Structures are given as structure tokens and as C-alpha cells.
Amino acid sequence: MRTLPPYATTGERIWFYTFRVICFAIFFFLLAPILIMIPLSFNAQPFFTFTREMLTLNPDGWSLRWYQDLFGSDSWMRSIRNSFLIGIAATILATTLGTLAALGLSRSQMPFKGLIMGILISPMIVPLIISAAGMFFFFSSINIAQTFTGVILAHTALGVPFVVITVTATLVGFDHSLTRAAANLGASPTRTFFKITMPLILPGVISGALFAFITSFDEIVIVLFVAGVEQRTIPREMWSGIREQISPTILAVASILVLVSIALLTTVELLRRRSERMRGLSPG
């Protein structure tokens, strides 16, 4: 942990602690809704407020009824299956396409590298509502709107930029002399990729895949435009629940999504640190 040197001035000491207070206030502002939402998901009453029993830690005020309602509902379970099906399929496609694109862009002789990179990461720049409307009209013209194929392809387009960026960042310190040495020893390009290149860039590939999965799992705007009734995902079901019938079951779903996101982001951070250690950018 960073500490102040003994020769720090009074102004530096004031700013040192003031900056930390500001950071703590920002983090609290961002995390406060989550800290309130998770306990409310165990409310025994169908309210979105803390009851007297909950505040006094009375066991009668706490219940798993909303989690039971979640896993006992056909519509919620269908949306969970759809989210994982669409998310996994989109992640596989985005990871494959994004990794291949990053490998091509890492070559110095690649023409129009800047233009291609800009096109690949454009889904991150263009407002999502514009992308959703464009995808809807395009998919409708080729008859894949309101199908699983259309939703998977749309989420793949959103996930590719994350894979391209993470894999490209991993390839910055890649030693291409290793692949040339493998070629001189008679290894085929496919064998060189799986034996040399892939193990070194694997942390970046997995990180990009996790980002692509999170993007697909939490996406709602594209689903509202492209998906049909049979392709309702968890965010789409939550949207309908908020608009049509307010139920604390939404709090249970949101709590689970928060825990899943924390687990995935923790995995991404561990992979990032592993990648830096492998490349000698940080101590082991």
C-alpha cells in the first residue's frame, strides 16, 4: 500500500487523504444500490423496502421465496437457458473471429491496419440503439430476425471488439521469432499456432471471451429489436417484469447476475496478472 514519504508537505498530505475520501465516496455511490438490492432479495414480504422484521434481524422477515419463485417459473428458466445458449454461442464465434482478426492485425505488413481496426471496434463506438435498428432491418431482409441465429450473430458483432482489443494487447509483447524458428524446424502453421502462439496468448483470448460473454449476457437493446418471444433472455424478462408486473423476483435475478459478473471479472483480473507474469511485465 502506498504511503506518504516523511518529507511530504502539508498540502500533499491533505490532498493524499482528500483524494482517498473522494474515491471512497464514488465507490460507495456506485455500490450502494447493489448493497441494498441483495439483502432485499431475501425479503419475506412482497415489498421493495426493508420491513421491521428485517431491520430487527427477525428470522420471519427473511426468506428464499423469491429465489424459489425464480427457479420454479417456466418463463424465467426459459430466459436463463436462452441467455446461456445465446451467450455461449456468441462467445465462441466472437472469440474465434476476434482472435483471427487480432493475429492478422499484429503483422507489420498488414495493409490498411488502422481502417480495419476501426471497423472491427465500431460496435463499441456506434450508439447501441443505432446498431440495433440497423441489425433489425438487415436481419429482416434476410429472414433471420426473431430467430436464435439473428440474436447470436448480433451478439457476436458486439463481442468481437472486446476479443480483438484484448488479444491485440496480448500480442504487443509477442516474440515473432518463435514462430519463425518453428517454421525453420519444419512445423506447419497450424502446429505452430497451437503449440507456440496459442499458449502465449491464451490469457488474452480467455479474457476477451469472458468480456464477450458478459456483453451478451447483459445485453438488452439488441434483444428488444432482434429477438422474438422464443428468444427472451434474462435482461429481456427483467424488462418485461418491470413494465408489466413488479415482483421482488427481479431482485433475486439481479443479485445472481451481480455475483456472476463479479466471478467473471475476478477471473479476467487473474488472467491479466498471469499474462503479465508470463511476459515479464510484473514480478511473479
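Values in this text are rule-based calculations from the coordinates and carry no lab data. Bear in mind that the values here come from a model prediction, so they are computed numbers and not experimental data. Don't worry about glycine lacking a Cβ; one is built from the backbone with ideal geometry, like all the others, and counts go over all protein chains shown.
Laid out as a table, the results:
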item: 15 Å beta-carbon shell around residue 60, net charge (K/R +1, D/E -1); result: +1
item: Sum of side-chain charges, residue 6 neighbourhood, beta-carbon under 13 Å (Lys, Arg +1; Asp, Glu -1); result: 0
item: Helical segments meeting 18 Å axial Cα length and Kyte-Doolittle 0.0 threshold in the chain (DSSP H); result: 10-40, 74-105, 128-141, 148-171, 198-218, 249-278
item: Peptides ranked, highest mean first, by Cβ atoms within 10 Å: ranges 190-201, 4-15, 218-229; result: 218-229, 190-201, 4-15
item: Residue 43 long-range amide H proximity, modeled H, under 5 Å; result: 63
item: For the stretch 1-103, Kirkwood radius (reciprocal of mean inverse C-alpha pair distance, Å); result: 19.1
item: Cα-based Rg / Dmax (Å) for the stretch 16-73; result: 16.0, 52
item: Residue-averaged 222 nm ellipticity for the chain, from DSSP H runs of 4+ at -39500 (n - 2.57), nearest 500; result: -23500 deg cm²/dmol
item: The stretch 67-114 - Kirkwood radius from inverse mean 1/r over Cα pairs (Å); result: 13.6
item: √(5λ) per eigenvalue of the Cα gyration tensor, the stretch 74-278, largest first, Å; result: 35, 20, 14
